[in-house]
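Accompanying notes for the structure given below.
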Amino acid sequence: MEINQKRVAPPETRFPDGFRILRGKQEFITYREHSSIRIWPSQVRSHFDMHMHSAVEIILVRQGKAVYQFPDARYEVTEGQILMVPSGVTHSLTENDEIDRHLFLFEPGPILSMWDSGAIKKIMSKAVYLREASEMRGRITEELDRIVDCYYRKDTLWNSQCYGHLLEMYTLLANGDPSLIRDEEGRTERFIDSPLLNSAMIFMDEHYSEDISLEDVATFAGFSKSYFSRTFKAFTGVPFTEYLTQKRLDAATNELIYTTMPIGEVARKTGFGGITTFNRIFHQRCHCTPTQFRNMYGSQEVKKHQLPNGYGDAGEAAVQEA
């Protein structure tokens, strides 16, 4: 009997420049330090059960087939095809033995903070499947190839260069297919207050580590608290508190992975204030304590300088018992 020698990559596979962090269905993307984009090439068949993450996911299949299953849709992505998966959408991925692909994961915040990002936000909110061979698909592929080149060449400001090509890609999509930015009744969706909302998001990006509230950001943007709350959710897809908490958690996980900073200092630096609040929220979202997370996912350099258990972690015992 002939045995297939192709191996299947398990979900916890460590990649040359990173690895997956999965808690339940929530995946926390590990990015290279000072970046918010990751690329995973693979020629090994993989299967990833239903999961979700804050990153936008794009797959470019060069050979073979990748099957994406959403709660309400299924996509078979084959040679030359491209699928863009929105942030926060639950999905699974199954690849066949002949797979050769590049998987792109990036945080949408830098793009959505642009003054005129309303049309791009609309595109990012739905799956975009470039199935048929066309000039558009060819140009998008070229931009993705340029991102791969920037990512591995690591020139100065390489992360910004990658986002420049992402912007070019979404601009091509918006100009090339207006249906991508139309609502269900065929009208082009436009947020009248999008410049002010974008300025509010920039404000949050710069001040998330401080003790800011919904009212603070609404006042900065010139809105009433209730109007800002409704409009922010319509614009981003999530409530203000959810957006702010996730931004702080993303910053905290990076500190835990790449630095030896005491847990209490991580809590203060990323806007959680007291360590008790930080531990509680972290455990709710990541299903482990910050120290456990660092022990599992911290870089070797961090582990080498690991502080004794409990140092700066007052309150973790209570969280573990909860």
Working out 0.36 nm times the residue gap between Glu142 and Thr241, then minus their Cα-Cα distance, what length gain in nm do you get to one decimal?
-> 31.9 nm
Picking from Ser113, Ile99, Val148, whose Cα lies most toward the positive end of the charge dipole for segment 84-149 (charges on Cβ: Lys, Arg +1; Asp, Glu -1)?
-> Ser113
Gain upon complete extension [Arg32, Ser224; 0.36 nm per residue less C-alpha separation] = 65.3 nm
Once the dipole of segment 20-181 is set up with Lys and Arg at +1 and Asp and Glu at -1 on Cβ about the Cα centre, which of Gln69, His34, Ala174 lies farthest towards its positive end?
-> His34
Kirkwood hydrodynamic radius for segment 196-283: how many Å is it when counted over pairs of different Cα atoms?
-> 13.6 Å
Can you run phi through the Karplus equation (6.51, -1.76, 1.60; θ = phi - 60°) for segment 125-141 and list ³J(HN,Hα) in whole Hz, with x for Gly and Pro?
-> 7, 9, 6, 10, 10, 8, 9, 7, 5, 7, 4, 4, 4, x, 6, 5, 4
Is the shape of segment 20-181 best called rounded, prolate or oblate, per the rule: a/c under 1.5 gives rounded, else a/b larger than b/c gives prolate, else oblate, with a ≥ b ≥ c the square roots of the Cα gyration tensor eigenvalues?
-> rounded
Quick one: which residues, 5 or more positions from Glu98 or on another chain, have an amide H under 5 Å from its amide H? H modelled 1.01 Å from N in the peptide plane, none for Pro or chain starts.
-> Lys65
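Normalising by the residue count of segment 20-181, find the relative contact order in percent from Cα pairs under 8 Å and 6+ residues apart. It would help to have the intermediate numbers written out before the result.
Working: 304 pairs, mean separation 36.4, N = 162.
Once normalised by length, the contact order is 22 percent.
Every number in this text was worked out from the coordinates using simple rules, so none of it is lab data. What you are looking at is a predicted structure, and each value in this text was computed from that prediction instead of being measured. Reconstructed Cβ throughout: ideal geometry from the backbone, glycine too, with neighbour counts over all protein chains shown.
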